Amino acid sequence: MTTSATARADYEQALRVLSDASVHQHFDAFIDIPWDDPDYAIVPNDPRWILPAADPLGATQWYRAQSLERQIEIGMYRQANMLKTGLQFEQILIAGIMNFALRLPNGSPEFRYSTHEATEECHHTQMFQELVNRIGVKVPGGPRWFRALGPLLPVAAGPVPFGFFVGVLAGEEPIDHAQKAVLRAASAQHPLMTRVTQIHVAEEARHIGFAHQYLEYKAPKLSKRQRMIMSVLTPVIMRVLCDVIMKPSKQVQREMGIPRAVVKEVWWNSEESRKVLRDMFGDVRMLSEDLGLMNRVSRRVWRATGIDGRPSRFRSEPASAAA
């Protein structure tokens with residue numbers, strides 16, 4: 001068997017494993033979350049909505065100095081808005097996957113798994129919106145420009161699928177990093193948030209795995225020009241979508257009443273916050289090295305966008321505590 005044929009067989013086997021996992025271990029937004037359990041009820045003045053220290057805003061002195069009532073209010077707003085932003089990103093992702101799948105030929109190994117992923121993402125949008133509705137706070141989600149361009153972004157999935165799946169990782173890696181940090185901290189957050197987060201992390205692991213597999217398989221087929229373009233665009237896409245997912249828009253900052261100095265401290269002007277930003281992309285830096293997308297020019301772009309650093313040695317390697 002030739003090297004190309006071996007790579008193809010390995011790729012197809014990896015996608016079969018992911019598809020089988022989606023069949024045998026999946027979640028339903030309205031079966032696997034006990035929405036109406038009294039222990040999961042959303043009630044006024046519940047301290048379980050206080051942001052944990054694992055949340056960058058929750059760790060600030062400014063937030064901890066607020067009254068208990070205000071901490072709960074901000075916590076509910078922030079968590080609802082992060083859910084809404086994740087929902088909007090996943091709506092764009094679903095539309096992009098459908099545009100991608102529309103062009104796949106019969107027998108394509110990507111078709112089955114990509115539609116499994118779209119199915120799971122639909123359940124994620126349902127559970128995110130249901131929780132936002134039950135929290136009952138009117139939140140906008142992502143910045144206005146992102147919501148305006150959202151319907152146009154999935155179009156890229158058809159003609160430039162490689163760039164689309166780079167964008168998939170740019171949205172999924174930061175939120176996966178943040179959610180795992182909260183779960184590892186075992187904080188006493190509201191059980192609905194915990195359950196939604198657990199389900200999301202479990203299924204996003206497969207989605208991130210598919211994006212990695214797709215990019216690894218397709219990268220050798222890029223022309224020299226395409227490789228150079230993607231090497232430079234990858235860190236830019238990562239940083240832009242990271243800010244969409246992780247950094248509250250100016251409207252959201254105003255509505256939560258976050259002082260400008262605190263915004264700078266948390267997103268991304270302090271040394272600690274810059275380390276958090278870099279740590280989110282260790283896996284993507286590793287992938288970029290493996291794909292041949294790291295070169296003298298692109299390394300400068302990674303540095304300029306503030307997301308350079310040591311690549312992970314393996315997927316989901318915990319970040320070092322050292323700055």
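Accessible surface computed residue by residue for the chain, with neighbouring protein chains in place and a 1.4 Å probe, gives 47 Å² per residue.
Extension gain, Arg70-Met228: 0.36 nm per intervening residue step, less the Cα-Cα distance, totals 52.0 nm. The ellipsoid that matches the Cα gyration tensor of the chain has semi-axes, each √(5λ) in whole angstrom, of 33, 24, 17, with the longest given first.
Qualifying chymotrypsin sites (Phe, Trp or Tyr not before Pro) in the stretch 227-323, where qualification requires a DSSP coil assignment and no more than 12 other C-beta atoms within 10 Å, comprise Phe314. In the stretch 88-176, the portion of solvent-accessible area held by carbon and sulfur atoms comes to 62 percent [1.4 Å probe, whole percent, DNA, RNA and ligands not counted]. Span-like helix criteria (full DSSP H runs; alpha carbon extent of at least 27 Å along the helix axis; mean Kyte-Doolittle hydropathy of at least 0.0) are satisfied in the chain by 68-102, 161-185, 224-246.
Heavy-atom surface analysis with a 1.4 Å probe gives the stretch 224-323 a carbon and sulfur content of 54 percent of its accessible area.
Could you give me D for the stretch 82-173, from Stokes-Einstein at 4 °C and 1.567 mPa s, where the hydrodynamic radius is the Kirkwood radius over C-alpha pairs? Units µm² s⁻¹, please. The estimated diffusion coefficient comes to 93 µm²/s.
When Rg and the Kirkwood radius Rh are both evaluated on Cα atoms of the stretch 96-238, their ratio Rg/Rh stands at 0.99.
From largest to smallest, the equivalent ellipsoid semi-axes obtained for the stretch 157-251 from the alpha-carbon gyration tensor read 30, 16, 10 Å. Principal axis extents of the Cα atoms in the stretch 205-256, from largest to smallest and rounded to whole angstrom, are 47, 28, 9. The lysine pair count for the chain, using Cα distances under 28 Å and pairs eight or more places apart or on different chains, is 19.
The values are calculated or read from the model by the stated rules, or taken from the named source; none is laboratory data. This is a predicted model, so every value here is computed, not measured. When we count neighbours, we look across all protein chains shown, and the Cβ atoms used for this are built from the backbone with ideal geometry, even at glycine. In case anyone asks, the SASA skips ligands and DNA or RNA and just uses the protein heavy atoms, side chains included. Shrake-Rupley method; radii C 1.70, N 1.55, O 1.52, S 1.80 Å.
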